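Enquirer: To start, I am sharing the structure in question, which I have written as C-alpha cells.
The values are calculated or read from the model by the stated rules, or taken from the named source; none is laboratory data. Remember, predicted model here, so these are calculated numbers, not experimental data. Don't worry about glycine lacking a Cβ; one is built from the backbone with ideal geometry, like all the others, and counts go over all protein chains shown. Remember, those area values only see protein heavy atoms, side chains included, never the ligands or the DNA or RNA. Shrake-Rupley method; radii C 1.70, N 1.55, O 1.52, S 1.80 Å.
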Amino acid sequence: ALDLIVGNPPFLNQLEVATTASRARAARIRERSDGVVTGYADLSAAFLLESCRHAAPCGVVGFVMPQSFLAAADARALREWLAGNTQVAALWTADERLFEDAGVRVCAVVASSAPSKRTVELAFGAGFSAVSAGERDRLGGEPWSTLFADARGVPRVEGGDAPALGSVATATADFRDQFYGLKGAIVDRPDADDALFPRLVSTRHVDLAHGAWGDRPVRVLFERYAAPRADRATLERDAKMAAWMRARLVPKVLVATQTKVMEAVVDERGAWLPVVPLISATPRDGAPIDLWMLAAAVASPVATAEAARVSYGAALGAEAIKLSAKQLLALPLPIDRKAWCESARLFRSASCAPDARSRGELLRRFAESSCRAHGLCGPAAAEALRFWTERSCLR
C-alpha cells in the first residue's frame with residue numbers, strides 16, 4: 001500500500017492501429033480489472049484503476065489522463081468505480097494541448113481513499129483557473145465533462161420533464177466491420193443508378209440541412225473519391241454486408257460527428273449508405289413523428305448545447321461534438337408540438353434551399369422556432385441561440 005502515487009500513464013488508444021492491444025492482452029486486462037476496463041478504453045484507465053487499488057487507507061492518487069476519460073463511453077465503468085470506491089478530490093482539464101510532442105488533450109484526476117469534504121475541486125485551462133466546485137454525490141458513470149460546461153461557456157438548458165429522443169426514434173452507429181467490408185466495392189461514379197450503386201455518404205458530406213455528396217472529394221479506405229458509390233452486386237456476395245446494406249437503405253436521418261453543432265440531413269428516399277462514423281436515426285414504428293421532425297429535434301440548438309456538455313473531450317477538437325448512438329437517443333425532445341412542427345417545416349425548407357444564403361436565413365428561423373419548441377424564452381432562448389449561431393458560423 002502506497003501513500004502517494006503520481007503519474008502520467010501510457011496513452012494507448014485501442015482505436016489506433018499502432019497502439020491497439022492484442023485480444024489476449026485485452027482479455028488479461030479485463031480479467032485483472034474485474035471487468036472495469038473493457039471495450040476500447042485507453043490503457044491509461046487500467047493504470048489508474050490499479051494505482052487506486054494499491055493506495056494506502058489514507059493514500060492519494062494523482063494522474064494525468066487523456067481528456068477522453070471525462071466523457072468516453074468506454075471509460076464509464078471506471079468513472080463509476082472511482083465514484084463508488086474512492087473520494088474524487090479534484091479534476092482539471094484544458095482546451096489547450098500542453099504536451100509539445102503529443103497531439104492529445106489531457107485532464108488530471110486526484111482521488112483519495114481518505115474521507116474528505118463532499119465537493120470536488122475543479123480547475124480549467126492552462127492557467128488552472130478555479131471553477132465552482134462540483135458535488136461528489138453527483139459523480140457516477142455519466143460523463144464528468146459536464147462539470148466543466150459552465151467554464152467553457154456552454155449554456156444550461158433545462159429540459160424539465162421532456163422525454164428523450166429514444167422514446168420516438170432508434171439510432172445506430174456502424175463500426176469497423178462495415179467500414180472495412182466496403183473494400184473492393186467502392187466505385188467513383190457521379191452518374192449511376194442509385195438502386196444499383198447507392199451513394200456512400202461520409203461525415204464530410206453532411207452539413208446542417210444540406211447533403212454535399214458529389215460536391216466535395218473524400219477519402220474512404222485510403223483512396224480519394226469525387227463521387228463514391230457502393231457496387232450493390234459486390235456487397236450482395238457477402239451475407240453480413242448484404243444484411244447491413246439492406247438495413248441502411250431505408251428512409252433515415254444521418255447525423256455527423258466531430259462537428260461544432262449537431263448536423264443532420266434527411267435521406268428521404270433511403271438511397272444513401274452511411275460511412276463510419278455517421279449515425280443513422282429512424283422514427284420508431286408507430287411514433288407520432290416523421291423524418292423532418294426527427295431531424296429538427298436532432299439539429300436543435302438545445303440538442304447542440306446538451307451534446308456539448310456531455311461530449312467534451314471525446315472528439316478530436318476542443319469544441320467538436322462526438323456522440324454515441326446511445327447518447328444521441330438521450331437528447332431531450334421538444335415539448336411544444338406546434339412549434340416543433342414549424343421548426344421541422346423550416347428545416348425541410350432549408351434542406352431544399354437553392355443557395356447557402358437562403359439556407360442560412362431559413363436555419364436562423366428554424367433555430368428560433370426550435371427554441372420555442374423546447375419551451376425556451378427570454379434570456380435562456382437568447383443564450384442558446386447565441387451559442388448555436390456562433391458555432392454554426394451563421395451570422
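Enquirer: Quick one: which helices (runs of 4 or more DSSP H) lie wholly within the range 323-395 and hold at least 1 residues that are over 16 Å from residue 155 (Cα atoms)? Walk me through it before giving the result.
Expert: Working: elements: 325-329, 337-351, 356-373, 378-392.
By residue number, 325-329, 337-351, 356-373.
Enquirer: Confirm whether residue 91 is buried (at least 22 other Cβ atoms within 10 Å of the Cβ), within 17 Å of residue 39 (Cα to Cα) and in contact (Cβ under 8 Å) with a residue 12 or more places away in the chain. Step through it out loud before you land on a result.
Expert: Working: buried (at least 22 other Cβ atoms within 10 Å of the Cβ): yes; within 17 Å of residue 39 (Cα to Cα): no; in contact (Cβ under 8 Å) with a residue 12 or more places away in the chain: yes.
No.
Enquirer: Considering each of 96, 80, 50 in turn, give the residue that is open to solvent by 20 Å² or more (accessible area, probe 1.4 Å) and farther than 30 Å from residue 306 by Cβ. Walk me through it before giving the result.
Expert: Details: 96 fails: farther than 30 Å from residue 306 by Cβ; 80 fails: farther than 30 Å from residue 306 by Cβ.
Just a single option satisfies the conditions, and that option is 50.
Enquirer: Please go through the range 21-37 and give me each residue that is open to solvent by less than 50 Å² (accessible area, probe 1.4 Å) and either free of Cβ contacts under 8 Å to residues at least 40 places away in the same chain or farther than 23 Å from residue 92 by Cα (or both), ordered by number. I'd like the intermediate steps shown before the answer.
Expert: So the first thing to find is which residues in the range 21-37 are open to solvent by less than 50 Å² (accessible area, probe 1.4 Å), and the list is 21, 26-27, 29, 33, 35-37.
Answer for the range 21-37, where residues must be open to solvent by less than 50 Å² (accessible area, probe 1.4 Å) and either free of Cβ contacts under 8 Å to residues at least 40 places away in the same chain or farther than 23 Å from residue 92 by Cα (or both): 21, 26, 27, 29, 33, 35.
Enquirer: Return yes when residue 101 is closer than 30 Å to residue 379 by Cβ, open to solvent by 10 Å² or more (accessible area, probe 1.4 Å) and at pLDDT below 90 and no when it is not. Before the answer, list the steps.
Expert: Details: closer than 30 Å to residue 379 by Cβ: no; open to solvent by 10 Å² or more (accessible area, probe 1.4 Å): yes; at pLDDT below 90: yes.
For residue 101, the condition - closer than 30 Å to residue 379 by Cβ, open to solvent by 10 Å² or more (accessible area, probe 1.4 Å) and at pLDDT below 90 - is not met.
Enquirer: Restricted to the range 162-201, and to residues that are assigned to a loop (DSSP other than H, G, I, E, B) and among the small types (Gly, Ala, Ser), which residue is farthest from residue 231 (Cα to Cα)?
Expert: The extreme case among them is 162.
Enquirer: I've got another one for you. Could you count how many residues in the range 55-77 are more than 11 Å from residue 112 (Cα to Cα), outside any helix (DSSP H, G or I) and open to solvent by 20 Å² or more (accessible area, probe 1.4 Å)? Show your work before the answer.
Expert: Of all residues in the range 55-77, those more than 11 Å from residue 112 (Cα to Cα) come to 63-77.
Pick out the ones that are also outside any helix (DSSP H, G or I) and you get 63-66, 71-72.
Then keep just the ones that are open to solvent by 20 Å² or more (accessible area, probe 1.4 Å); that gives 64, 72.
The number of residues fulfilling the criteria is 2.
Enquirer: From the list 188, 177, pick out the single residue that is surrounded by fewer than 17 Cβ atoms within 10 Å (Cβ to Cβ), at pLDDT 95 or above and acidic (Asp, Glu). It would help to see each step written out before you state the result.
Expert: On the way: 177 fails: at pLDDT 95 or above.
Testing whether each residue is surrounded by fewer than 17 Cβ atoms within 10 Å (Cβ to Cβ), at pLDDT 95 or above and acidic (Asp, Glu) leaves just 188.
Enquirer: Identify all residues within the range 276-312 that are assigned to a loop (DSSP other than H, G, I, E, B) and open to solvent by 10 Å² or more (accessible area, probe 1.4 Å); write none if there are none. Can you show your working first?
Expert: So the first thing to find is which residues in the range 276-312 are assigned to a loop (DSSP other than H, G, I, E, B), and the list is 276-278, 284-290, 299-300, 312.
If the condition is that a residue be assigned to a loop (DSSP other than H, G, I, E, B) and open to solvent by 10 Å² or more (accessible area, probe 1.4 Å), then 276, 277, 284, 285, 286, 287, 288, 289, 290 are the ones that fit.
Enquirer: Also: Could you grab the pairs with beta carbons closer than 6 Å, sequence gap of 6+ or different chains, first residue in the range 223-250 and of a type in the set (S, T, N, Q), second one open to solvent by less than 40 Å² (accessible area, probe 1.4 Å)?
Expert: Matching pairs, first to second residue: 234/185.
Enquirer: Yes or no: the range 245-258 includes at least one residue that is open to solvent by 60 Å² or more (accessible area, probe 1.4 Å) and modelled with pLDDT under 95.
Expert: Yes - at least one qualifying residue is present in the range 245-258.
Enquirer: Among the residues of the range 332-346, which ones are buried (at least 23 other Cβ atoms within 10 Å of the Cβ) and within 22 Å of the chain's Cα centre (by Cα)?
Expert: Residues satisfying the conditions are 333, 334.
Enquirer: Out of everything in the range 127-155 that is under 17 Å from the mean Cα position of the chain (by Cα) and among the hydroxyl-bearing types (Ser, Thr, Tyr), what residue ends up being surrounded by the fewest Cβ atoms within 10 Å (Cβ to Cβ)?
Expert: Result: 146.
Enquirer: In addition: Do we have residue 377 as in contact (Cβ under 8 Å) with a residue 24 or more places away in the chain and over 25 Å from the mean Cα position of the chain (by Cα) here? Before the answer, list the steps.
Expert: Working: in contact (Cβ under 8 Å) with a residue 24 or more places away in the chain: no; over 25 Å from the mean Cα position of the chain (by Cα): yes.
No.
Enquirer: Only residues that are in a strand (DSSP E or B), touching a Gly at 6+ places or on another chain (Cβ under 8 Å) and more than 12 Å from residue 82 (Cα to Cα): list them for the range 96-144, please.
Expert: Scanning the range 96-144 gives 107, 108, 119, 120, 122.
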